[in-house]
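Comments concern the structure below.
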Amino acid sequence: MKTEFIIAAAKAIQQTILANENTLESLDRAIGDGDHYINMKRGANTIVDIQAELASLAPNEAINKIGLKLLSTIGGASGPLLASFFMAMAKVLRENGDESLLKIAAAFAAGVQAIIQRGKADIGEKTMLDVLIPVSNQFKLLATPNGDIKLICATLINTAEQGMQSTKDLIATKGRAAGLGDRAIGHIDPGAKSCQLMIEAVCKLAMEA
Ligand code: ADP
Ligand code: MG
């Protein structure tokens, strides 16, 4: 992994968040408090704004810096959760290295595990984890030394899409939507949607590289 790729990924994430303003806003208005787009936009803009600072860092340091920055800029439930993802991912990259897909997949899994622990949630609770857990499991399975990056990315894009769609028919047992009971059914979880968009953007970038 290169820091250059991390910066390009941050820009791709910013673009997809900005391009999906209406979708993210209306999903969180339907089953949350309507601030998810604003939170994600603030986070994405902040990271792109510090790109010069990130450029001088090793990949694991840049990812840790992203986590720290998100912790202090994104509000809501999603801020500390996404921050813990990046900080846990950075720790594993620092300890194990970042030179293979297998190592990146292991670091991604550690990030997802940190969200599980911090949010005390699991798959099936209508949250971002309905995207992140299946994507992480699939990534670990496919990240073999001979793994074809294009095929892996295409699969992860599909897995994220399916996970995001799966939240539609669930009732929420974590987060703000948990108070809605059956009324949450029929709406995609906003955090699941933003994670799907981010995974799609980063995978498309990796496919081009
Ligand atoms: P808030 O809920 O504080 O308004 P956001 O609107 O930014 O914050 O984020 C809401 C998203 O956070 C939800 O759509 C869901 O995906 C995610 N989320 C909320 N609580 C949890 C949790 N305990 N574990 C994992 N994800 C969660
Ligand atoms: Mg909200």
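The values are calculated or read from the model by the stated rules, or taken from the named source; none is laboratory data. This structure is a prediction, so every number in the text was calculated from the model and none was measured. Every residue, glycine as well, gets a Cβ built from its backbone with ideal geometry; the counts of neighbours run over all protein chains shown. When the accessible area is computed, the model is the full protein with side chains, heavy atoms only, and any ligands, DNA or RNA have been set aside. Shrake-Rupley method; radii C 1.70, N 1.55, O 1.52, S 1.80 Å.
One table, with the values for the structure above:
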{"read-out": "Residue within region 136-151 that is closer than 20 Å to residue 81 by Cβ and of a type in the set (A, V, I, L, M) present", "value": "no"}
{"read-out": "For residue 49: the one exception among (1) more than 16 Å from ligand 2 (Cβ to nearest atom); (2) within 29 Å of residue 181 (Cα to Cα)", "value": "(2)"}
{"read-out": "Region 132-191 - residue that is farther than 30 Å from residue 103 by Cα and acidic (Asp, Glu) and, of those, modelled with the highest pLDDT", "value": "169"}
{"read-out": "Within region 1-29, tally of residues that are open to solvent by less than 50 Å² (accessible area, probe 1.4 Å) and either of a type outside the set (Asp, Glu) or more than 22 Å from residue 190 (Cβ to Cβ) (or both)", "value": "14"}
{"read-out": "Qualifying residue in region 135-150 (condition: part of a loop (DSSP other than H, G, I, E, B), hydrophobic (A, V, I, L, M, F, W, C) and open to solvent by less than 10 Å² (accessible area, probe 1.4 Å))", "value": "yes"}
{"read-out": "Filtered residues of region 96-107 (kept if open to solvent by 10 Å² or more (accessible area, probe 1.4 Å) and assigned to a helix (DSSP H, G or I))", "value": "96, 101, 102, 103, 104, 106"}
{"read-out": "Region 161-198: number of residues that are assigned to a helix (DSSP H, G or I) and of a type in the set (A, V, I, L, M, F, W, C)", "value": "9"}
{"read-out": "Of all residues in region 63-86 being of a type in the set (Ser, Thr, Tyr) and within 14 Å of the chain's Cα centre (by Cα), the one that is modelled with the lowest pLDDT", "value": "78"}
{"read-out": "Selection from region 30-47 of residues that are buried (at least 16 other Cβ atoms within 10 Å of the Cβ) and more than 14 Å from ligand 1 (Cβ to nearest atom)", "value": "46, 47"}
{"read-out": "Residue 194 vs. criteria open to solvent by 10 Å² or more (accessible area, probe 1.4 Å), among the polar types (S, T, N, Q) and within 16 Å of ligand 1 (Cβ to nearest atom)", "value": "no"}
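Okay, residues lined up against (1) under 18 Å from residue 160 (Cβ atoms); (2) surrounded by fewer than 18 Cβ atoms within 10 Å (Cβ to Cβ); (3) not acidic (Asp, Glu):
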residue: 71; (1), (2), (3): no, yes, yes
residue: 74; (1), (2), (3): no, no, yes
residue: 84; (1), (2), (3): no, no, yes
residue: 94; (1), (2), (3): no, yes, yes
residue: 109; (1), (2), (3): yes, no, yes
residue: 112; (1), (2), (3): yes, no, yes
residue: 118; (1), (2), (3): no, yes, yes
